[in-house]
Amino acid sequence: MSTTVDLEALLSTLDDRVKDELASTPDVDDVGHDLDIDDLPEDERRWLKVTDVVAVVADLKNSTKLGTGKWAQSTASIYEAATGGVVSIFNEFDADFLAIQGDGVFGLFWGDKRVQRAICAGITIKTFSLDLVGRLEGKWASVAEIETGYKVGVANSRILVKQVGTPRNPAQQEPVWAGNAVNFATKAAQSADRDQLVVTGGFWDRIEKNDYLAFSCPCGESPAEIWSDFKIDRLPEDNPDSEGRVLRSKWCDTHGEDYCAAILAGSTRRDDVADVRHSMDKSLMENAIFMKAKNERLARTARHRGRVS
């Protein structure tokens with residue numbers, strides 16, 4: 001390993017590279033929904049455009065405090081249980097790509113049933129988080145004071161992707177996902193509190209008509225709306241995606257598995273929610289801020305699809 005670096009030469013080389021890059025645009029190949037993660041461009045100046053990718057970000061609240069006053073082995077065990085559990089969930093719901101970043105994990109979904117797989121994974125992470133915290137607090141009383149637990153964010157967008165890093169060194173290469181999905185899902189998770197799942201306004205537009213997602217099961221009482229308006233304060237105030245929704249409940253012990261299976265199968269309608277569906281739709285229609293943001297999102301989507309100039 002060299003003990004000196006020629007900074008002037010390095011910065012000059014990098015500046016020349018930037019000038020060359022900005023002088024002409026790279027090629028962009030539209031792959032629609034059929035992205036093959038093993039076929040990402042590397043050294044060539046070529047990106048792949050994916051029509052729609054759903055990002056699910058799981059962020060562990062107050063994770064830096066979990067190891068305070070504990071043996072290294074205990075800290076390792078906590079991270080293994082927390083991160084390993086989320087990875088297993090993403091794998092179970094066939095995430096097309098996942099990455100671990102410190103105490104957080106994000107999974108990406110594209111192609112068939114991407115919306116259904118992603119939201120079911122997000123709700124499952126949220127449900128797992130409650131069980132995880134219960135176990136941690138049962139073993140270490142101090143964990144209760146930390147108030148840890150997973151915060152989950154979900155967003156979707158068009159994505160540009162390629163492999164970026166040191167040429168001919170796979171150990172120093174990673175996919176770069178250029179687009180709003182990962183960024184907005186991260187902002188949604190950061191804006192949430194533990195055991196909350198926050199979706200952007202754009203993603204809510206994709207799931208709001210699904211009765212299995214929008215309403216509670218009939219356990220003990222009539223089905224009810226389970227999502228609330230949520231301002232994603234990490235996104236710009238005027239961004240229509242910042243008018244999101246938050247879910248505070250989890251999979252029901254009785255109906256959760258059946259509802260999850262119905263969602264993954266593509267089912268959207270339940271016979272027991274007609275009245276509450278009407279009430280929710282009316283309430284949203286009367287929410288001027290929410291409807292303004294929704295109309296802006298719909299107009300933006302239409303422009304992207306070339307429906308308007």
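Bear in mind that the values in this text are calculations on the coordinates, not laboratory data. In this text, all values refer to a predicted model and were calculated from it rather than measured experimentally.
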Checklist outcome for this item: Of the candidate values [x] 23.4; [y] 16.0; [z] 21.0, the one computed for mean projected area of the Cα convex hull in nm² from this structure is [z]
Checklist outcome for this item: Nearest 10, in degrees from 0 to 90: the angle of helix 72-92 to the longest Cα principal axis of the chain is 80 degrees
Checklist outcome for this item: Gyration tensor on Cα atoms of the range 141-257, a ≥ b ≥ c root eigenvalues, a/c under 1.5 rounded, else prolate if a/b beats b/c, else oblate, says prolate
Checklist entry - Summing -39500 (n - 2.57) over the DSSP H runs of n ≥ 4 in the chain and dividing by its residue number, what mean residue ellipticity at 222 nm do you reach, to the nearest 500 deg cm²/dmol? => result -13500 deg cm²/dmol
Checklist outcome for this item: Rounded to the nearest Å, the spacing of the alpha-carbon centers of the range 247-283 and the range 1-36 is 48 Å
Checklist outcome for this item: Phi angles of the range 129-137, converted by Karplus (6.51 cos²θ - 1.76 cosθ + 1.60, θ = phi - 60°) into ³J(HN,Hα) in whole Hz with x for Gly and Pro, give 4, 5, 5, 4, 4, x, 5, 5, 5
Next on the checklist: Using each residue's phi in the range 46-63, evaluate 6.51 cos²θ - 1.76 cosθ + 1.60 at θ = phi - 60° and report the 3J(HN,Hα) Karplus result to the nearest Hz, with x for Gly and Pro.
Outcome noted: 8, 10, 10, 9, 10, 4, 8, 10, 9, 10, 10, 10, 10, 10, 7, 5, 6, 5
Checklist entry - If you average 1/r over every pair of different alpha-carbon atoms in the range 201-263 and take one over that average, what Kirkwood value in Å do you get? => result 13.0 Å
Checklist entry - By how many degrees, 0 to 90 and rounded to 10, does the Cα axis of helix 256-265 deviate from the longest principal axis of the chain? => result 60 degrees
Item to check | Pairs from K61/K209; K151/K187; K187/K231; K209/K282; K209/K294 whose Cα-Cα separation, in the structure shown, is over 20 Å | outcome: K61/K209
Checklist entry - Each residue of the range 149-158 in order: what ³J(HN,Hα) in whole Hz does its phi give by Karplus 6.51 cos²θ - 1.76 cosθ + 1.60, θ = phi - 60°, with x for Gly and Pro? => result x, 7, 9, 10, x, 9, 8, 9, 5, 5
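Over the chain, what is the mean sequence separation of C-alpha contacts under 8 Å (at least six apart), divided by residue count, expressed as relative contact order in percent? Kindly include the intermediate steps, with their values, before the conclusion.
Details: 514 pairs, mean separation 49.8, N = 309.
It rounds to 16 percent for the chain.
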Item to check | Between the range 191-217 and the range 108-132, the alpha-carbon center distance in angstrom | outcome: 11 Å
Checklist entry - Picking from S191, S24, S63, which is most flexible by a Gaussian network model of the chain using Cα springs under 10 Å? => result S24
